[in-house]
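Each remark here refers to the structure printed beneath this line.
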Amino acid sequence: MPQQLTGSTAPTAGPKRAAESATEMVQVVLPNDANPLGFILGGTVMHLIDIAGAIACHRHTRTLLVTAAVDGLQFLHPIKVGDMIILKARVTAAWSTSLEVEVEVFSEETLTGLRRMTSRAYLTFVSIDRDGRRIPIPTLILETEEEKQKAHDADRRRAERLKARKELESRCEQVGR
Ligand SMILES: CC(C)(COP(=O)(O)OP(=O)(O)OC[C@H]1O[C@@H](n2cnc3c(N)ncnc32)[C@H](O)[C@@H]1OP(=O)(O)O)[C@@H](O)C(=O)NCCC(=O)NCCS
(Lines give C-alpha, C1' and ligand atoms only; values in the text may rest on other atoms or scores of the structure.)
Protein backbone atom coordinates (compact mmCIF):
# COMPACT_ATOMS: atom_id res chain seq x y z
CA MET A 1 0.00 0.00 0.00
CA PRO A 2 1.40 3.47 -0.85
CA GLN A 3 2.56 5.41 2.19
CA GLN A 4 0.27 8.29 3.21
CA LEU A 5 1.78 11.74 3.66
CA THR A 6 1.48 12.92 7.23
CA GLY A 7 2.57 15.99 9.19
CA SER A 8 3.15 19.48 7.94
CA THR A 9 2.96 18.79 4.21
CA ALA A 10 -0.11 16.54 4.19
CA PRO A 11 -2.82 17.81 1.83
CA THR A 12 -5.80 19.44 3.50
CA ALA A 13 -8.56 21.75 2.33
CA GLY A 14 -8.96 23.41 5.73
CA PRO A 15 -7.23 26.55 7.04
CA LYS A 16 -3.46 26.29 7.36
CA ARG A 17 -0.71 27.95 9.35
CA ALA A 18 2.21 29.59 7.54
CA ALA A 19 4.57 27.21 9.36
CA GLU A 20 2.95 24.25 7.58
CA SER A 21 4.10 25.45 4.16
CA ALA A 22 7.31 27.30 5.12
CA THR A 23 10.12 26.20 2.84
CA GLU A 24 13.90 26.44 2.99
CA MET A 25 16.14 25.70 0.00
CA VAL A 26 19.94 25.56 0.13
CA GLN A 27 22.18 25.32 -2.90
CA VAL A 28 25.91 25.77 -3.53
CA VAL A 29 26.74 28.36 -6.21
CA LEU A 30 28.51 26.57 -9.06
CA PRO A 31 30.56 28.16 -11.89
CA ASN A 32 27.74 27.45 -14.33
CA ASP A 33 25.45 29.78 -12.33
CA ALA A 34 27.93 32.67 -12.35
CA ASN A 35 28.90 35.76 -14.34
CA PRO A 36 32.55 36.44 -15.35
CA LEU A 37 33.18 38.06 -11.92
CA GLY A 38 32.39 34.75 -10.21
CA PHE A 39 29.07 35.96 -8.71
CA ILE A 40 25.73 34.22 -9.08
CA LEU A 41 23.64 35.56 -12.00
CA GLY A 42 20.64 37.69 -11.09
CA GLY A 43 18.50 35.53 -13.37
CA THR A 44 19.52 32.40 -11.48
CA VAL A 45 18.53 34.02 -8.18
CA MET A 46 15.17 35.03 -9.70
CA HIS A 47 14.61 31.47 -10.88
CA LEU A 48 15.37 30.08 -7.41
CA ILE A 49 13.07 32.68 -5.80
CA ASP A 50 10.24 31.59 -8.11
CA ILE A 51 10.84 27.91 -7.25
CA ALA A 52 11.07 28.43 -3.46
CA GLY A 53 7.99 30.66 -3.49
CA ALA A 54 6.04 28.19 -5.62
CA ILE A 55 6.91 25.26 -3.34
CA ALA A 56 5.63 27.10 -0.25
CA CYS A 57 2.43 28.06 -2.11
CA HIS A 58 1.90 24.51 -3.44
CA ARG A 59 2.26 23.23 0.12
CA HIS A 60 -0.41 25.69 1.19
CA THR A 61 -2.88 25.10 -1.65
CA ARG A 62 -2.08 21.59 -2.99
CA THR A 63 -3.28 22.85 -6.40
CA LEU A 64 -1.68 23.94 -9.67
CA LEU A 65 -0.43 27.53 -9.60
CA VAL A 66 0.68 30.28 -11.95
CA THR A 67 2.86 33.24 -11.04
CA ALA A 68 0.75 36.40 -11.38
CA ALA A 69 3.22 39.00 -10.12
CA VAL A 70 6.71 39.47 -8.74
CA ASP A 71 7.35 42.73 -6.89
CA GLY A 72 10.47 44.84 -7.44
CA LEU A 73 13.63 42.92 -6.65
CA GLN A 74 16.96 44.23 -5.38
CA PHE A 75 20.29 42.48 -4.93
CA LEU A 76 22.11 43.92 -1.91
CA HIS A 77 25.28 41.77 -1.98
CA PRO A 78 26.84 39.41 -4.52
CA ILE A 79 27.06 35.68 -3.76
CA LYS A 80 30.34 34.05 -4.79
CA VAL A 81 30.93 30.74 -6.52
CA GLY A 82 31.58 28.13 -3.83
CA ASP A 83 29.35 29.87 -1.26
CA MET A 84 25.80 28.88 -0.48
CA ILE A 85 22.52 30.52 -1.42
CA ILE A 86 19.70 29.97 1.06
CA LEU A 87 16.08 30.80 0.28
CA LYS A 88 13.36 30.96 2.93
CA ALA A 89 9.80 31.16 1.67
CA ARG A 90 6.73 31.82 3.78
CA VAL A 91 3.11 32.47 2.81
CA THR A 92 2.09 35.90 4.13
CA ALA A 93 -1.54 36.10 2.97
CA ALA A 94 -4.14 33.95 1.24
CA TRP A 95 -7.15 35.59 -0.43
CA SER A 96 -9.85 33.81 -2.52
CA THR A 97 -7.79 32.16 -5.25
CA SER A 98 -4.49 33.99 -4.91
CA LEU A 99 -1.80 34.11 -2.26
CA GLU A 100 1.35 36.05 -1.50
CA VAL A 101 4.65 34.51 -0.48
CA GLU A 102 7.69 36.25 0.97
CA VAL A 103 11.04 34.86 -0.14
CA GLU A 104 14.17 35.94 1.72
CA VAL A 105 17.53 35.18 0.16
CA PHE A 106 20.76 34.79 2.13
CA SER A 107 24.36 34.08 1.24
CA GLU A 108 26.42 31.83 3.51
CA GLU A 109 30.20 31.73 3.21
CA THR A 110 31.21 28.10 3.09
CA LEU A 111 34.49 28.58 4.99
CA THR A 112 33.32 31.00 7.72
CA GLY A 113 29.57 30.45 8.03
CA LEU A 114 28.99 34.21 7.66
CA ARG A 115 25.38 34.72 6.60
CA ARG A 116 23.97 37.87 5.00
CA MET A 117 20.55 38.69 3.61
CA THR A 118 20.88 39.57 -0.07
CA SER A 119 17.28 39.97 -1.30
CA ARG A 120 13.65 39.92 -0.24
CA ALA A 121 10.94 39.26 -2.78
CA TYR A 122 7.15 39.10 -2.76
CA LEU A 123 5.40 36.90 -5.31
CA THR A 124 1.72 36.35 -6.01
CA PHE A 125 0.48 32.99 -7.24
CA VAL A 126 -3.00 32.13 -8.50
CA SER A 127 -4.53 28.71 -7.97
CA ILE A 128 -5.95 27.12 -11.12
CA ASP A 129 -7.08 23.76 -12.44
CA ARG A 130 -5.87 22.12 -15.67
CA ASP A 131 -8.45 24.11 -17.69
CA GLY A 132 -7.22 27.40 -16.24
CA ARG A 133 -10.25 27.87 -13.97
CA ARG A 134 -9.46 29.53 -10.63
CA ILE A 135 -9.70 27.33 -7.54
CA PRO A 136 -10.43 28.63 -4.01
CA ILE A 137 -7.55 28.11 -1.60
CA PRO A 138 -7.32 27.39 2.13
CA THR A 139 -7.37 30.44 4.38
CA LEU A 140 -4.21 31.33 6.28
CA ILE A 141 -4.33 31.07 10.07
CA LEU A 142 -2.67 34.13 11.57
CA GLU A 143 -1.37 33.28 15.03
CA THR A 144 1.31 35.79 15.99
CA GLU A 145 1.40 39.59 15.92
CA GLU A 146 4.17 39.31 13.30
CA GLU A 147 1.98 37.15 11.05
CA LYS A 148 -0.94 39.58 11.43
CA GLN A 149 1.33 42.50 10.52
CA LYS A 150 2.71 40.63 7.48
CA ALA A 151 -0.83 39.86 6.28
CA HIS A 152 -1.83 43.49 6.77
CA ASP A 153 1.19 44.64 4.73
CA ALA A 154 0.34 42.02 2.08
CA ASP A 155 -3.17 43.50 1.69
CA ARG A 156 -1.61 46.88 0.98
CA ARG A 157 0.82 45.40 -1.58
CA ARG A 158 -2.03 43.51 -3.26
CA ALA A 159 -4.00 46.73 -3.76
CA GLU A 160 -0.92 48.35 -5.33
CA ARG A 161 -0.35 45.34 -7.62
CA LEU A 162 -3.94 45.29 -8.83
CA LYS A 163 -3.77 49.02 -9.54
CA ALA A 164 -0.48 48.50 -11.47
CA ARG A 165 -2.06 45.61 -13.38
CA LYS A 166 -5.04 47.78 -14.40
CA GLU A 167 -2.69 50.51 -15.62
CA LEU A 168 -0.62 48.00 -17.62
CA GLU A 169 -3.76 46.44 -19.11
CA SER A 170 -5.04 49.82 -20.30
CA ARG A 171 -1.60 50.68 -21.76
CA CYS A 172 -1.53 47.31 -23.57
CA GLU A 173 -5.01 47.98 -24.98
CA GLN A 174 -3.87 51.35 -26.34
CA VAL A 175 -0.79 49.77 -27.97
CA GLY A 176 -3.00 47.04 -29.46
CA ARG A 177 -5.32 49.56 -31.15
C1 LIG B 1 -2.71 35.48 -13.25
C2 LIG B 1 -3.96 35.14 -14.04
C3 LIG B 1 -4.36 33.69 -13.80
C4 LIG B 1 -5.07 36.05 -13.54
O5 LIG B 1 -6.17 35.78 -14.35
P6 LIG B 1 -7.43 36.79 -14.42
O7 LIG B 1 -8.50 36.17 -15.24
O8 LIG B 1 -6.97 38.12 -14.79
O9 LIG B 1 -7.84 36.72 -12.95
P10 LIG B 1 -8.70 37.65 -12.04
O11 LIG B 1 -8.60 39.10 -12.37
O12 LIG B 1 -10.06 37.05 -11.97
O13 LIG B 1 -7.92 37.42 -10.67
C14 LIG B 1 -7.80 36.15 -10.07
C15 LIG B 1 -7.03 36.30 -8.82
O16 LIG B 1 -5.67 36.65 -9.12
C17 LIG B 1 -5.33 37.89 -8.50
N18 LIG B 1 -4.46 38.57 -9.42
C19 LIG B 1 -4.54 38.61 -10.76
N20 LIG B 1 -3.55 39.36 -11.26
C21 LIG B 1 -2.83 39.80 -10.21
C22 LIG B 1 -1.66 40.60 -10.08
N23 LIG B 1 -1.05 41.11 -11.14
N24 LIG B 1 -1.20 40.83 -8.84
C25 LIG B 1 -1.80 40.31 -7.77
N26 LIG B 1 -2.90 39.53 -7.81
C27 LIG B 1 -3.40 39.28 -9.02
C28 LIG B 1 -6.65 38.59 -8.25
O29 LIG B 1 -6.55 39.51 -7.20
C30 LIG B 1 -7.54 37.41 -7.92
O31 LIG B 1 -7.24 37.01 -6.59
P32 LIG B 1 -8.39 36.53 -5.55
O33 LIG B 1 -9.24 35.49 -6.26
O34 LIG B 1 -7.62 35.93 -4.45
O35 LIG B 1 -9.17 37.74 -5.18
C36 LIG B 1 -3.76 35.38 -15.59
O37 LIG B 1 -3.50 36.76 -15.80
C38 LIG B 1 -2.62 34.57 -16.16
O39 LIG B 1 -2.78 33.40 -16.45
N40 LIG B 1 -1.43 35.22 -16.33
C41 LIG B 1 -0.26 34.51 -16.84
C42 LIG B 1 0.40 33.70 -15.74
C43 LIG B 1 1.70 33.12 -16.20
O44 LIG B 1 1.81 32.66 -17.31
N45 LIG B 1 2.71 33.17 -15.31
C46 LIG B 1 4.05 32.77 -15.63
C47 LIG B 1 4.22 31.32 -15.77
S48 LIG B 1 3.54 30.38 -14.45
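The values are calculated or read from the model by the stated rules, or taken from the named source; none is laboratory data. Everything numeric in this text was worked out from a predicted model, so none of it was measured. Quick note on the areas: whole protein, heavy atoms, side chains included, nothing else; ligands and nucleic acids left out. Shrake-Rupley method; radii C 1.70, N 1.55, O 1.52, S 1.80 Å.
With θ taken as phi - 60° and the Karplus curve 6.51 cos²θ - 1.76 cosθ + 1.60 applied, the whole-hertz 3J(HN,Hα) list for segment 117-133 is 6, 10, 7, 9, 10, 10, 10, 10, 10, 10, 8, 9, 9, 5, 9, x, 7 Hz, x standing for glycine and proline. Once the 1.4 Å probe is applied to the protein heavy atoms, the chain comes out at 61 Å² accessible per residue. Measuring nothing but protein heavy atoms, the accessible surface of segment 1-132 at 1.4 Å probe radius is 56 percent carbon and sulfur.
Which whole-Hz ³J(HN,Hα) couplings does segment 92-106 yield from phi under the Karplus relation 6.51 cos²θ - 1.76 cosθ + 1.60, θ = phi - 60°, glycine and proline marked x? Per-residue couplings from phi come out as 9, 7, 10, 9, 7, 10, 10, 8, 10, 10, 9, 10, 9, 10, 10 Hz. Rounded, prolate or oblate: which one fits segment 95-153, using the alpha carbon gyration tensor with axes a ≥ b ≥ c (rounded when a/c is under 1.5, else prolate when a/b beats b/c, else oblate)? In terms of gyration-tensor shape, oblate.
Here the scattering of the chain is modelled by Debye summation over its C-alpha atoms, one equal scatterer each and no solvent; at q = 0.08, 0.11, 0.12, 0.13 Å⁻¹ the log10 of I(q)/I(0) is -0.30, -0.55, -0.64, -0.74.
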